[in-house]
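Asks: Supplied in structure tokens, the structure appears directly below.
The values are calculated or read from the model by the stated rules, or taken from the named source; none is laboratory data. Predicted, not measured: the structure shown is a model, and the values here were computed from it. Heads up, the Cβs are rebuilt from the backbone with ideal geometry, glycines too, and the neighbour counts pull from every protein chain shown. These accessible areas exclude ligands, DNA and RNA; they are computed on the full protein's heavy atoms, side chains included. Shrake-Rupley method; radii C 1.70, N 1.55, O 1.52, S 1.80 Å.
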Amino acid sequence: MIGKKLPIGKKLPIGKKLPIGEEFFRNIRTKGFYYVDKTEFISELLMTRGSVNLFTRPRRFGKSLNMDMLKAFFEIGADASLFEGLKIAEEKELCEQHMGKYPVISVSLKDVGGEDFQTAYETFRTIISEEAARLDFLMESESLMPYDKAKFQRMAENQWEKPSDFYNSLKLLTRLLRKHYGTAVIVLVDEYDVPLDKAYQNGYYPQMVNLLRSIFSQALKTNENLEFAVITGCLQIAKESIFTGLNNFKIRAVSDIRFAACFGFTDQEVKDLLDYYGLGEKFELFKEWYDGYRFGNIHIYCPWDVLSQCDKFRESANARMEPHWENSSSNSIVKDILEHSDEAVRAEIEALISGEYVEKPLIPGLTYSDIDSGEPQKRQTYLWSILYASGYLTDAAEPLGKVHKLVIPNREILEIYKEKIRAWFQAKTVSDTEQWQRFCAAIKTGDAGTVQSMFNGFLAASISIRDTCSRKERKENFYHGMLLGLLRAEGSWIVKSNAEAGIGYTDIMIMVPPEKIGCIIEVKYAEDGAFETACSQAMRQIEATGYASALRAEDLRTIHKFGIACYKKSCKVVHEKE
């Protein structure tokens, strides 16, 4: 049955398991998971690598799985059966020369963090100690001297004599492995920038920079025991901060053509996956929601989104499309930047939300400390660079030098932008307690004139949606969300969005049970400023669909009906009382 379209409501064929959150290559290949073949990454890496290779991609684009795949391929004792039937297996000479031929050190720094530097430092030590314990066969090596084994044992037991021993830990491991095997070592470091992000958020950024610089410079700079290193992260931290003095240091960023298809899913890969699970007819939906990232010269989907939504459809053929990436990936720095942006930035974000693009010069390498320093123009450049590297923006076309034409990638990220701005809008408005309370009181008493005047004031002081080719429904949803944020701040009210009422769904329904008051609000977008027409449509919809019936059923005696028409940064409000 796999690949056939099923009737609505029927469960989809089981097939292979979806590898949601599975980062171990061996598990995927041996435990019945679906695998999107990314093994060409291995051959491309071998053909073009430097001594140190940094790959930057947004969160949840398959970096960790690719790193584990490299480990499974290169490490001495590799299981060739894991790669049977994959693209890399077709390159027999390459496999014969490189598969299972190298000692490998592999660490992930995704858990290095904490509220203070000491906590992060101790976590880092534990991670290195655990990797040493994985290599405990070195204690039996006849090639190592007793003093080598003594140092190694202290490392494996997390009992370094002094901090400098920890700083030298990765370099020491490469030396011991080289002595044991007689072969240079491959070093894999995943999520190298996570400790920096956490340090920035918790106030110990300089200490973490110094720690990483000490460890990386010793392990990666002029280390004769190193074959090559692969490092992954979200942001490209300036070389001067972390990788000082490294020679033959290659950076493979989002805009690079090489390796473009190695992270994330391509169109064809998504089509094949959906066909396999009998979801081929939903391809256009997946494209609208999760495609749009431009890596090099091709378009890429976020794998986490595709797999998570595919899983939803396996539960029910009637599942709704949902955002998944935001809930799986915390970029606190983006939230911080958006909440403290100035009027110029907010105006440009308005343009992005409305489907337009902005042209910005981007900085390939940055430091977190730069974000809080310098002139406003420079800080804004860092802002756009981080939004781009983090996956909140992508290229609309091939960049012209450092200048990028930036757009929001897809519908999922568009919804994230709306939520961020709504949160800022709500916080800003509600912080003016007197004005916000007047607005809520006007809603409760049906004072349409005050509601209109104050909502116009809120719109003028904050954000809008531009009159572009965006669908009317999206524009209405934008204003709907703004109103909802204001009204939900009144904690004593019951506020429902898109609630079923009568024979349809009302935009916003409010219940104030102690006072027996209910409100129905229908929001319309006034095309070309036709406020009267839009208000009339809203009120007719309230009457035709019997929205007020749900409030009567709750024994609410006073019912206010509001039709609100919005256009750019203006609105008109009409009201009827029942």
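Asks: Would you mind working out the magnitude of the charge dipole of the chain relative to its Cα centre, with +1 at each Lys and Arg C-beta and -1 at each Asp and Glu C-beta, to the nearest 20 Debye?
Replies: 340 debye
Asks: Mind checking which of Leu226, Phe259, Phe286 is farthest towards the positive end of the range 178-293's charge dipole, using Cβ charges of +1 (Lys, Arg) and -1 (Asp, Glu) about the Cα centre?
Replies: Leu226
Asks: HN-Hα J couplings of the range 312-324 from phi, Karplus 6.51/-1.76/1.60, θ = phi - 60°, integer Hz, Gly and Pro as x?
Replies: Here the 3J(HN,Hα) series is 4, 6, 6, 6, 8, 5, 9, 4, 8, 5, 9, x, 10 Hz.
Asks: Under 8 Å for C-alpha pairs, at least 6 residues apart: give me the relative contact order for the chain, rounded to a whole percent. Please report the intermediate quantities before stating the final value.
Replies: On the way: 996 pairs, mean separation 73.9, N = 578.
Taking the mean separation of contacting Cα pairs over the length of the chain, I get 13 percent.
Asks: When the expected Rg is taken as 2.2 N^0.38 Å, what fraction or multiple of it is the alpha-carbon Rg of the chain?
Replies: Working: Rg = 28.1 Å, N = 578, 2.2 N^0.38 = 24.7 Å.
Relative to the rule-of-thumb radius for its length, the chain sits at 1.14.
Asks: Further, regarding this structure: Spelling out what I want: for every residue of the range 127-143, take phi, set θ = phi - 60°, compute 6.51 cos²θ - 1.76 cosθ + 1.60 (Karplus), and round to whole Hz; glycine and proline get x.
Replies: Values per residue, Gly and Pro as x: 5, 5, 4, 5, 5, 5, 4, 5, 9, 5, 4, 5, 5, 9, 5, 7, 8 Hz.
Asks: Which residue, chosen from Leu484, Ile186, His560, occupies the Cα position most advanced towards the positive end of the dipole of the chain, where the dipole is computed from +1 (Lys, Arg) and -1 (Asp, Glu) charges on Cβ about the Cα centre?
Replies: His560
Asks: Per residue, how much accessible surface does the range 233-326 expose to a 1.4 Å probe? Answer in Å², no decimals.
Replies: So the range 233-326 comes to 38 Å² accessible per residue, rounded to a whole number.
Asks: Collect residues whose amide H, placed 1.01 Å from N in the peptide plane, falls under 5 Å from the amide H of His404; neighbours closer than 5 in sequence don't count.
Replies: When sequence neighbours closer than 5 places are left aside, the close amide H contacts are Lys360, Leu362.
Asks: Which far-off residues, 5 or more places away or on another chain, put their amide H under 5 Å from the one on Arg252, with H placed in the peptide plane?
Replies: It is Leu54, Phe55, Thr56, by chain and number.
Asks: Let me ask you something else. Find how many whole Å separate the alpha carbon centroid of the range 543-578 from the alpha carbon centroid of the range 139-186.
Replies: 73 Å
Asks: Moving to a separate point now. Could you work out the helix-only [θ] at 222 nm for the chain, with each DSSP H run of four or more residues adding -39,500 (n - 2.57) and the total divided by the number of residues, to the nearest 500 deg cm²/dmol? Walk me through the numbers before you get to the answer.
Replies: Working: 25 runs with 265 residues, N = 578.
One gets -13500 deg cm²/dmol as the mean residue ellipticity at 222 nm.
Asks: Where in the range 105-200 are there GluC sites (Glu not before Pro) that are in a DSSP coil and have at most 14 other Cβ atoms within 10 angstrom of their Cβ?
Replies: Values: sites: Glu115, Glu122, Glu130, Glu131, Glu140, Glu142, Glu157, Glu161, Glu191; in loops: Glu115, Glu142, Glu157, Glu161, Glu191.
For GluC sites (Glu not before Pro) across the range 105-200 that sit outside H, G, I, E and B with at most 14 neighbouring Cβ atoms in 10 Å, the list reads Glu115, Glu142, Glu157, Glu161.
Asks: Moving to a separate point now. Is there a pair in Lys71/Lys171; Lys405/Lys496; Lys71/Lys402 whose C-alpha atoms are over 29 Å apart, and which pairs would that be?
Replies: On the way: Lys71/Lys171 18 Å; Lys405/Lys496 39 Å; Lys71/Lys402 34 Å.
Check vs 29 Å cut-off fails for Lys405/Lys496; Lys71/Lys402.
Asks: State the antiparallel share, in %, of DSSP beta bridges confined to the chain, rounding to the nearest 5. Walk me through the numbers on the way to the answer.
Replies: On the way: 31 of 62 bridges.
Given both bridge residues lie in the chain, the antiparallel proportion sits at roughly 50 percent.
Asks: Okay, moving on. May I ask for the net charge around Asp395, where only other residues with Cβ less than 12 Å from the Cβ of Asp395 are counted and Lys, Arg are +1 while Asp, Glu are -1? Walk me through the numbers before you get to the answer.
Replies: On the way: positive: Arg294, Lys360, Lys405; negative: Asp256, Glu359, Glu398.
Once positives and negatives cancel, what remains is 0.
Asks: Got a sec to turn the phi values of the range 203-211 into Karplus ³J(HN,Hα) couplings, 6.51 cos²θ - 1.76 cosθ + 1.60 with θ = phi - 60°, whole Hz, x for Gly and Pro?
Replies: Going residue by residue, I get x, 10, 4, x, 5, 5, 4, 4, 5 Hz, with x marking Gly and Pro.
Asks: Shifting gears a bit: Could you compute how much accessible surface Met482 exposes when probed at 1.4 Å, giving the result in Å² to the nearest 10?
Replies: 0 Å²
Asks: Give me the net charge of Lys101's neighbourhood, meaning all other residues with Cβ under 12 Å from the Cβ of Lys101; Lys, Arg count +1, Asp, Glu -1.
Replies: -3
Asks: Moving to a separate point now. Whose amide H sits under 5 Å from the amide H of Tyr293, counting only residues 5 or more places off or on another chain, with H placed in the peptide plane?
Replies: Ile300
Asks: Please give the Cα centre distance for the range 224-264 versus the range 27-89, rounded to the nearest Å.
Replies: Using only Cα atoms, the two centres lie 16 Å from each other.
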